[in-house]
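Report on one structure; see the data block that follows.
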Amino acid sequence: MINDEIKSLIKDAVSDYANSHWGSDDFMSERERIHYLEDISEGNGWNDDVEDEIISDLEGQTWEDENGIEHEIDLDDEDVLECISETICDEADYYLM
């Protein structure tokens, strides 16, 4: 199950990761950086490694339902995993602009 709060937590985790790993200083050249980000945005790059990092960052994070009850994000849920993958690709597209 996925909702807007979970999507927001995923977006924040991916953005934090990108800010820490996809800057110009993280690569030998701008050409290398662009090639890496193009591969990521197409889902052909180091996406599995990035997904693993994001999943690790999200472990133990909770979201609150409409009744105020907190739940851990189900990191085995296919919708959650798909959202992580899509968000990584979207973030790479953003960094390419």
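No lab work stands behind these numbers, since they all come straight from the coordinates. All values reported here derive from a predicted model rather than from experimental measurement. Neighbour counts run over all protein chains shown; Cβ positions are idealised from the backbone, glycine included.
Data table
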quantity: Inter-part distance where segment 6-67 and segment 75-97 are each reduced to a Cα centre, Å; calculated: 8
quantity: Calculated P(r) tail over 19 Å for segment 4-96, as whole % of Cα pairs; calculated: 40
quantity: Positive-pole candidate from L96, N47, I6, dipole of the chain, charges at beta carbon; calculated: L96
quantity: Point-to-point label distance, Y94-E5, nm (Cα→Cβ direction, 7 Å offset); calculated: 2.2
quantity: Protection-proxy order for peptides 90-97, 34-41, each taking the mean of Cβ atoms within 10 Å per residue, highest first; calculated: 34-41, 90-97
